[in-house]
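We did not get these values from a lab; they are worked out from the coordinates using the rules stated. Since the structure is predicted, the reported quantities are computational estimates derived from the model, not experimental observations. Note that we place each Cβ from the backbone using ideal geometry, even for glycine, and neighbour counts take in every protein chain shown.
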Amino acid sequence: MAVAVRAANLLSTAPSLLSCLSQEPVYSCENTTAIANTCCSPTPGGLVLQTQFWSTYTGLEEEGQLLPEQSWTIHGLWPDNCDGSYESYCDLTRQYDPIPSPANLSDGTVVPAYDGPGVDTFIAEFGRFDQLEFMNKYWINQKFPNVDLWAHEFSKHATCTSTFDVACYGENYTEHADVVNFFDATIRAFVQYPTYDMLAAFGIVPSNTTTYSLDQITSALKSQTGAVPFLGCQNKTALTEVWYFSHVYGTEQYGTYKTLDSTTNTTCSHTEGIWYYERSTGSEHEVRSL
């Protein structure tokens, strides 16, 4: 009985894609004509970025908010436009971010701060406690509760991805199914890029005594993904972020990702050693392998 209930909950978060059978699938940003059914392919945000953090602390260790041992953490899943530009907070009726950033859109529209129930309650409403557990292990915020980051990522980015539009969920749409569906898609994309393991396989591990060259890090990741990701560094020498760029064949939720070279220049030094710092004492905990 429990299995049947869980299966029903999983189905209730899926979009309705039957109409996509009549549309020839293409890689996003590679279509030669306009996408007729935007539920079938992400548009105009077809340059999809799976983004990750390397943080050394959370600032909320005393509350039990810790980082996963031997793993990077999720930042988000972003729908950049095909030319590398991007939009934010595209549907303010689905704005769940308590601290919007930016607070104003390019046309001056104010993004109202959300003060309702956290998006973690949306996940619980669908019985997706497995998802909630995973997110609290691998989707970690810094200085603020994890749930605030999750809300920010959905509100700022998912609302600008056509395959997560409410209309794509059909007549039987259940409120917040799109939110849960986006979180599942983000997790799925994150698991495709095990950054910690890819780097460790080339002897690149966190260290407070050894630096690595930008070329070493880039070459290791390219050898496993086929493309050069964006690498972000604080002060040009402290590694903090990686973004994997892709076009998607099918929907952002379930399609195949084709990794591409970054369209954004690295903020890491090409000449100085790059620090991939160890986590602060007491800031991480053991988790099971993905």
| request: Being over 17 Å from residue 20 (Cβ atoms), in contact with a strand residue (DSSP E or B) (Cβ under 8 Å, 6 or more places away or on another chain) and assigned to a loop (DSSP other than H, G, I, E, B) is the filter here, so list the residues in the stretch 143-173 that pass it. | output: 157
| request: Tell me which residues, restricted to the stretch 198-217, are exposed (fewer than 12 other Cβ atoms within 10 Å of the Cβ) and in contact with a helix residue (DSSP H, G or I) (Cβ under 8 Å, 6 or more places away or on another chain). | output: none
| remark: The number of residues in the stretch 89-126 that are surrounded by 12 or more Cβ atoms within 10 Å (Cβ to Cβ), among the hydrophobic types (A, V, I, L, M, F, W, C) and outside any loop (DSSP other than H, G, I, E, B) is 5
| field | Single condition residue 133 does not satisfy, out of (1) among the acidic types (Asp, Glu); (2) under 21 Å from residue 78 (Cβ atoms); (3) assigned to a helix (DSSP H, G or I) | value | (2)
| said: Consider the stretch 250-290. How many of its residues are within 20 Å of the chain's Cα centre (by Cα), of a type in the set (Phe, Trp, Tyr) and surrounded by 18 or more Cβ atoms within 10 Å (Cβ to Cβ)? | reply: 1
| said: Checking residue 155 against (1) touching a Phe, Trp or Tyr at 6+ places or on another chain (Cβ under 8 Å); (2) more than 20 Å from residue 15 (Cα to Cα): exactly one of these is not met. Which one? | reply: (2)
| field | Members of the stretch 127-184 found to be buried (at least 19 other Cβ atoms within 10 Å of the Cβ) and hydroxyl-bearing (Ser, Thr, Tyr), listed by number | value | 138, 155, 159, 161, 162, 163, 169
| message | Scan the stretch 183-204 and tell me whether some residue there is in contact with a strand residue (DSSP E or B) (Cβ under 6 Å, 6 or more places away or on another chain), over 28 Å from residue 254 (Cα atoms) and touching a residue at least 60 places away in the same chain (Cβ under 8 Å). | response | yes
| field | Selection count where residues are among the polar types (S, T, N, Q) and assigned to a strand (DSSP E or B), scope the stretch 12-58 | value | 3
| request: Please give the strands (runs of 3 or more DSSP E) falling wholly within the stretch 198-265 in which 3 or more residues are farther than 19 Å from residue 53 by Cα. | output: 238-249, 256-260
